[in-house]
Amino acid sequence: MPIHGKAHKYGDHIDTDAIIPARYLNMTDPDELAGHCMEDIDSGFVSKVRRGDVMVAGKNFGCGSSREHAPIALKAAGIAVVIAETFARIFYRNGFNIGLPLIESAGAAQGIDDGDEVEIDLESGVVRNVTKGEEYQFAPITGIAAELLEIGGLRERVKRQLAS
Amino acid sequence: MTITEKILAQAARRDEVRPGEFVTCRLDLVMANDITAPIAIEEFAKMGAARVFDVEKVVLVADHFTPNKDIKSATQAKLLRDFAREQGLTHFYEAQTGGIEHIILPDKGLVLPGEVVIGADSHTCTYGALGAFATGVGSTDFAAGMALGECWFRVPASLKFIFTGQLSKWVCGKDLILYTIGQIGVDGARYMAMEFAGPVIENLPMADRFTICNMAIEAGAKNGIIAPDDITLDWVNSRTTRDFEVFNSDRDAEYAEVYEWDAADIEPQVAFPHLPENTRGISEVGEITIDQAVIGACTNGRLEDLRIAAAILRGRQVAKGVRCIVIPGSQEIHLAATREGLVETFLAAGCLVSTPTCGPCLGGHMGVLAAGERAIATTNRNFVGRMGHSESQVYLASPAVAAASAVTGRICGPEDL
Ligand code: SF4
């Protein structure tokens, strides 16, 4: 199923405090969290993001705290996929664990500008920049990450393991 | 193999593992806190799990927003308390029985050399100071760990950091790790193990070793680790009667990179906003006034840290207009600090002394910053908005630098007093 949406672009080392500030970690409701997503570095994000949109960033996206609230907030805010040059490792695990696909692609991360319209085919590993008419390749998601995306996250995987 | 590879191989019941391989390891301990456990407890139920894999090996610590700062955080802490009771967990801690997770788990002898630990908190890497493999995960991974007693890992490549020479006066573990992050950057060890070694590390007390491994995540590392030696074993043996195994890196172990630094070249370090890699030696800081100093957190809230701060604050006064907040990392440390007279020293100098909590470290409570305010802190992160308003600023340093800065009202080292 191709993803089609607008890009919201940020820089390097976007930390989880930026994605969801710690002052909101006294709650867990995805929609409430989504309401404060990115607010310390981009107070306009919540009002401009639409379901199916794409977040694009530079190096080390999601560094810092292990809070799963970060990918949860992004997903609930409508972000369908995050593209970055690289991801911090806990965020990377968390993303796939909750069913938020993450793509590492330096080409896409550098080529896409804020507001560009992009189309992504996860299976074939292609990001299409509709606005600019460019294409970027990425290594298709494999292994445990692919399995998690297919079954809908780690919860399902453990459920099956416990039932077997 | 490296120490990290050996621990993972053993826990995966394999003779050998190599960087990049995926392995499933049995877990010796899983931990979560009042922020991460609420999501995990819900996930645990949704996974269809009824009981945790081992009531001795699941640890819950309410420390971030405790004593509870508002109704929502009180509700979260209660969720942990109820779950712990319902499951019959041996180890549930909150302020009066515990303190900050990464201080109390080692202190209570819950993590031992050679063990594999996951914690739903990024600073779980702290326990690597004991020669354990310990790494941070999210809530769902923790929930899976609670249910299954196992977790999958990609075996990390290792970086080795060797410190030689002599530490200068007032230079401590915090300065070594800040220096390291300044050199390699906040993603310099992304996905890798950071192994710390050399004569300087071998002479460091456990408190400094915990500080160093605590901040491995600030370089993006999966884990930080220090091979156990006599200092480690003395420390561990006074806290447990459980068996454990000591691993060491082989002489021919392979490293992605080896760094060697002379400690004599390292002066007290300060990390400028808004990344821990923005480090400068204290002599290059310039004139920076502060509104607040925070001495505490899982990085530097240990008794040894408080002793250093008290030595500097004894007989001196916190500068007018500056709030100096001292937070002992656990109830036990608070008691010991009281008995030693440190608390009196702090109070006499005009500091605020709090019950153990993460509090201001994550901008939770007990010292949140307003727009335009500046703090020096012994914490580990200085991201935008980390201690409060998005237009506030946090500078990271050692307890010695934080205490000296509290006295002068500007960032300085103890030598400047
Ligand atoms: S003291 Fe700060 S860094 Fe340590 S666990 Fe608490 S919030 Fe996290």
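The values are calculated or read from the model by the stated rules, or taken from the named source; none is laboratory data. Since we're looking at a predicted model, the values are computed, not measured. Neighbour counts run over all protein chains shown; Cβ positions are idealised from the backbone, glycine included.
Scanning the range B:273-292 for residues that are away from the ligand (no atom under 16 Å from the Cβ) and more than 14 Å from chain A (Cβ to nearest Cβ) yields a total of 13. Of all residues in the range A:46-62, those satisfying the criterion of being within 14 Å of chain B (Cβ to nearest Cβ) and closer than 21 Å to A:G99 by Cβ are A:A57, A:F61, A:G62.
Scanning the range B:16-74 for residues that are more than 24 Å from A:E147 (Cβ to Cβ), away from the ligand (no atom under 16 Å from the Cβ) and in a loop (DSSP other than H, G, I, E, B) yields B:E16, B:D28, B:A50, B:R51, B:V52, B:D54, B:V55, B:E56, B:K57, B:D70. Test B:Q96 against the criterion of being closer than 26 Å to B:G296 by Cβ, outside the structural domain of B:I327 (by TED's automatic domain parsing) and in a helix (DSSP H, G or I), and give yes or no. So B:Q96 fails the test. Among the residues of the range B:313-327, those identified as more than 12 Å from the ligand (Cβ to nearest atom) and either within 23 Å of the chain's Cα centre (by Cα) or at pLDDT below 95 (or both) are B:C324, B:I325, B:V326.
Conditions tested, residue by residue: (1) more than 14 Å from the ligand (Cβ to nearest atom); (2) at pLDDT 95 or above; (3) under 19 Å from B:V59 (Cα atoms).
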position: B:E115; (1), (2), (3): yes, yes, yes
position: B:I118; (1), (2), (3): yes, yes, yes
position: B:A134; (1), (2), (3): no, yes, yes
position: B:G145; (1), (2), (3): yes, yes, yes
position: B:E150; (1), (2), (3): yes, yes, yes
position: B:R154; (1), (2), (3): yes, yes, no
position: B:L159; (1), (2), (3): yes, yes, no
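Can we say B:I295 is within 16 Å of the ligand (Cβ to nearest atom), farther than 19 Å from B:L105 by Cα, touching a Ser or Thr at 6+ places or on another chain (Cβ under 6 Å) and touching a residue at least 12 places away in the same chain (Cβ under 8 Å)? It is true that B:I295 is within 16 Å of the ligand (Cβ to nearest atom), farther than 19 Å from B:L105 by Cα, touching a Ser or Thr at 6+ places or on another chain (Cβ under 6 Å) and touching a residue at least 12 places away in the same chain (Cβ under 8 Å).
Return the residue satisfying two criteria in turn: it lies in the range B:365-411 and is of a type in the set (S, T, Y) and in a helix (DSSP H, G or I), and of such residues it is nearest to the ligand (Cβ to nearest atom). Among those residues, the one meeting the criterion is B:S405.
For (1) within 13 Å of chain A (Cβ to nearest Cβ); (2) under 22 Å from B:K6 (Cα atoms); (3) assigned to a helix (DSSP H, G or I); (4) not acidic (D, E), each residue gets a yes or a no:
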residue	(1), (2), (3), (4)
B:P113	no, yes, no, yes
B:G128	no, yes, yes, yes
B:C151	yes, yes, no, yes
B:Q166	no, no, no, yes
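Would it be correct to say that B:H102 is in a helix (DSSP H, G or I) and facing chain A (nearest Cβ under 10 Å)? So B:H102 does not fit the description; no. Of all residue pairs spaced 6 or more apart or on separate chains, those with beta-carbon atoms under 8 Å, a first member in the range B:215-240 that is within 14 Å of chain A (Cβ to nearest Cβ) and a second member that is in a helix (DSSP H, G or I) and among the polar types (S, T, N, Q) are B:M215/B:T299; B:I217/B:S122; B:A219/B:T180; B:N223/B:T4; B:G224/B:T126; B:G224/B:N214. Report every pair of residues separated by at least 6 positions or lying on different chains whose Cβ atoms are under 8 Å apart, first residue within the range A:24-42 and more than 9 Å from chain B (Cβ to nearest Cβ), second of a type outside the set (S, T, Y) and in a loop (DSSP other than H, G, I, E, B). Cβ pairs passing all conditions: A:Y24/A:H36; A:L33/A:I20; A:L33/A:M27; A:A34/A:G78; A:H36/A:I20; A:H36/A:P21; A:C37/A:I20; A:C37/A:V49. A:I144: within 24 Å of A:T16 (Cβ to Cβ), of a type in the set (A, V, I, L, M, F, W, C) and buried (at least 23 other Cβ atoms within 10 Å of the Cβ), yes or no? Here the answer is no, as A:I144 does not meet what is asked.
Every residue, every condition in (1) away from chain B (no Cβ under 11 Å); (2) of a type in the set (S, T, Y); (3) within 22 Å of A:T16 (Cα to Cα), yes or no:
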| residue | (1), (2), (3) |
| --- | --- |
| A:A73 | yes, no, yes |
| A:F91 | no, no, yes |
| A:A106 | yes, no, yes |
| A:S124 | yes, yes, no |
| A:V130 | yes, no, no |
| A:G152 | yes, no, no |
| A:K159 | no, no, no |
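Taking (1) under 15 Å from the mean Cα position of the chain (by Cα); (2) of a type outside the set (S, T, N, Q); (3) within 16 Å of the ligand (Cβ to nearest atom) in turn, A:A34 satisfies each apart from (3). Apart from one condition, B:E86 fits all of (1) surrounded by fewer than 21 Cβ atoms within 10 Å (Cβ to Cβ); (2) within 14 Å of another protein chain (Cβ to nearest Cβ); the exception is (2). Can you say whether B:D63 is acidic (D, E), at the interface with another protein chain (Cβ under 10 Å from one of its Cβ atoms) and more than 14 Å from B:A134 (Cα to Cα), as far as the supplied structure shows? No: the conditions fail for B:D63. Pull up the range B:79-111, narrow it to residues that are under 27 Å from A:F91 (Cα atoms) and out of contact with any strand residue (DSSP E or B) (no Cβ under 9 Å at 6 or more places or on another chain), then point me to the one that is nearest to the ligand (Cβ to nearest atom). In this case the residue turns out to be B:P106. Residue check: is B:V200 part of a helix (DSSP H, G or I) and within 24 Å of B:T378 (Cβ to Cβ)? In short, yes. Could you tell me whether B:P205 is surrounded by fewer than 22 Cβ atoms within 10 Å (Cβ to Cβ) and under 17 Å from the mean Cα position of the chain (by Cα)? So B:P205 fits the description; yes. Of the numbered criteria (1) in contact with a strand residue (DSSP E or B) (Cβ under 9 Å, 6 or more places away or on another chain); (2) within 19 Å of B:K69 (Cβ to Cβ); (3) not aromatic (F, W, Y), the one B:G364 fails is (1).
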